[in-house]
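Trainee: Structure below; questions to follow.
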Amino acid sequence: MPPGSIIRPRQTFSWFLLILANMLWACSYVAAKVALRDISVNMMNALRMIIAALVLLPLLIAMRKELNLTRRDLPQLALLAITGFVVNKILEFGGLALTTASDVALLISSESIFTAALSWLVLRERFKPLTGAALLLGLLGVYLIIERSLVPNIPAGGTLRILGDLMVVLALILESFYTVRGKALLVKHSPLLITAAAIVGSTIFWVPLAGGEILYNGWHPLSLTAWLGVGWLAIMSTVIAYLAWFKGLARVDGSAAASTLFVQPLLGTLLAIVLLHDQLLPTTIIGGVMIIASVYLISRH
């Protein structure tokens, strides 16, 4: 049997895993919107991370020798946990509570834009004119989604939506910081194990927060749909999605895998329209296309 016949199915399966991860992440915006009807942002995030941590903890225990963290790595890991799985999630889903799932699905694809900008500013990576043009194109797309017009104009009742969009953008900048700042740690150690450790470590914040909210407001039983939303976020969008993503990356180059990120804005927006009846304006669609084009150009160069 030729070696290529073995490698090709394995690579095909890796692409399947990458696409699956992005499909699971795309569904998370609708799942969160459903859960937020019955639960606060902080409690939803706390339950998500606590459940995910309980599932991932046996993986960390079983593979603790491969983790091989040093004392110098611990502050870096703590920073990744705070930026990537605490403050980021508070802003992202706090913003989602104020805006639409379709806005978030389209804006989320701009993370690559901020990552490229931070890599240029912080890591001093080589800057190319085409990259600069792509960044400007993507930022203009972000502006159109938030403002929904070329001319600044805040419509009546639209202030909260704009605030929500801006919170999501800030969350994406922090997510990009997580990627750029943690680059050395993620290269030195297994990205999957570092991510799992950061999620488990974030519960140091989430457990007291959830406990405090229960003591202050009491525990209100959640509906079945709210539990399904939280369960999807914890198991499907956190545990399985990250496992699939990093398993897929083992056989596919990161630059090529970036193309699968387009699944999120496309599927996420479609689900928001079908399930949540979100409405898209022409400027929102144009902004989304500009962001996708920008990410494509950046990933190609």
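The rows are residues; the columns are (1) within 23 Å of residue 243 (Cβ to Cβ); (2) under 17 Å from the mean Cα position of the chain (by Cα).
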{"site": "24", "(1), (2)": "yes, yes"}
{"site": "39", "(1), (2)": "no, no"}
{"site": "56", "(1), (2)": "yes, no"}
{"site": "65", "(1), (2)": "yes, no"}
{"site": "73", "(1), (2)": "yes, no"}
{"site": "76", "(1), (2)": "yes, no"}
{"site": "99", "(1), (2)": "no, yes"}
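Trainee: Of the residues 269, 284, 225, which is open to solvent by 50 Å² or more (accessible area, probe 1.4 Å), under 30 Å from residue 39 (Cβ atoms) and among the hydroxyl-bearing types (Ser, Thr, Tyr)?
Mentor: 225
Trainee: Pairs only if they're at least six apart or on different chains, beta carbon under 8 angstrom, first in region 216-233 and over 15 Å from residue 41 (Cα atoms) and aliphatic (A, V, I, L, M), second open to solvent by 30 Å² or more (accessible area, probe 1.4 Å) and part of a helix (DSSP H, G or I); list them, first residue then second.
Mentor: Listed pairs, sorted by first residue: 228/34.
Trainee: Then there is this: Out of the residues in region 178-195 that are outside any helix (DSSP H, G or I) and over 17 Å from the mean Cα position of the chain (by Cα), state the one that is surrounded by the fewest Cβ atoms within 10 Å (Cβ to Cβ).
Mentor: Per the stated criteria, the residue is 190.
Trainee: Pick from 295, 230, 200, 239: which is under 14 Å from residue 22 (Cβ atoms) and either at pLDDT below 80 or open to solvent by less than 40 Å² (accessible area, probe 1.4 Å) (or both)?
Mentor: Exactly one residue qualifies, and that residue is 295.
The values are calculated or read from the model by the stated rules, or taken from the named source; none is laboratory data. Keep in mind that this is a model prediction, so the values were computed, not measured. Heads up, the Cβs are rebuilt from the backbone with ideal geometry, glycines too, and the neighbour counts pull from every protein chain shown. Side chains included, ligands, DNA and RNA excluded: accessible areas come from the protein's heavy atoms. Shrake-Rupley method; radii C 1.70, N 1.55, O 1.52, S 1.80 Å.
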